[in-house]
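S.K.: Let me begin by handing over the structure; questions about it come next.
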Amino acid sequence: MEAIALLFLILCFAGGLAILWAAVCAVRMLWHFKSPAERFSSKTIWNPMNVLLSPTLLTPKGLNLRRQVGYAIVLFVGCMVLAAIIGLLAKAAS
């Protein structure tokens with residue numbers, strides 16, 4: 001039972017690190033527009049974070065950071081789903 005609790009905590013910690021990495025990469029991505037004037041324009045609907053939805057506005061470094069944000073979000077969701085499954089199995093076993 002203690003091993004399951006430890007695995008649960010490790011998955012939650014990994015998920016927390018993944019969402020933190022997604023936030024860091026998303027903020028760093030804001031400095032990699034092809035044209036800085038497009039940050040606050042109708043192309044991003046005046047919200048620079050909308051560049052996640054329109055990658056044509058990013059430089060190659062910005063595209064790499066966008067990809068890292070996607071990977072981090074997938075990792076976060078995966079860790080949280082596994083942690084939920086482990087929690088439910090541990091509750092059912094007790």
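The values are calculated or read from the model by the stated rules, or taken from the named source; none is laboratory data. None of these values were measured; they are calculated from a predicted model. All Cβ positions, glycine included, derive from the backbone under ideal geometry; neighbour counts span all protein chains shown.
S.K.: Determine the pairs where a residue that is of a type in the set (G, A, S), located within segment 64-79, has a partner that is modelled with pLDDT of 95 or more with Cβ atoms under 6 Å apart, the partner being 6 or more residues away or on another chain.
M.R.: Listed pairs, sorted by first residue: A72/A18; A72/W21; A72/A22.
S.K.: Just one of I10, I45 is more than 21 Å from the chain's Cα centre (by Cα) and among the β-branched types (V, I, T); which is it? Explain how you work it out, then say what you get.
M.R.: Details: I10 fails: more than 21 Å from the chain's Cα centre (by Cα).
Matching residue, one of I10, I45: I45.
S.K.: Can you go through A14, A3 and tell me which one is among the small types (G, A, S), modelled with pLDDT of 85 or more, out of contact with any Cys (no Cβ under 7 Å at 6 or more places or on another chain) and within 28 Å of G87 (Cβ to Cβ)? Lay out the reasoning, then the answer.
M.R.: Values: A14 fails: out of contact with any Cys (no Cβ under 7 Å at 6 or more places or on another chain).
Unique residue meeting the criteria: A3.
S.K.: Restricting to segment 31-58, what's the tally of residues that are more than 20 Å from V69 (Cα to Cα) and either part of a helix (DSSP H, G or I) or charged (D, E, K, R) (or both)?
M.R.: Going through segment 31-58 one residue at a time, the tally reaches 5.
S.K.: Could you please let me know if A72 is at pLDDT 95 or above, surrounded by 17 or more Cβ atoms within 10 Å (Cβ to Cβ) and of a type outside the set (S, T, Y)?
M.R.: On the way: at pLDDT 95 or above: yes; surrounded by 17 or more Cβ atoms within 10 Å (Cβ to Cβ): yes; of a type outside the set (S, T, Y): yes.
So A72 passes the test.
S.K.: Now a separate question. Do we have V27 as over 30 Å from A93 (Cβ atoms) and assigned to a helix (DSSP H, G or I) here?
M.R.: yes
S.K.: Turning to a different aspect of this structure: Quick check on my filter: what residues within segment 52-65 are at pLDDT below 95 and under 28 Å from I10 (Cβ atoms)?
M.R.: None; the set is empty.
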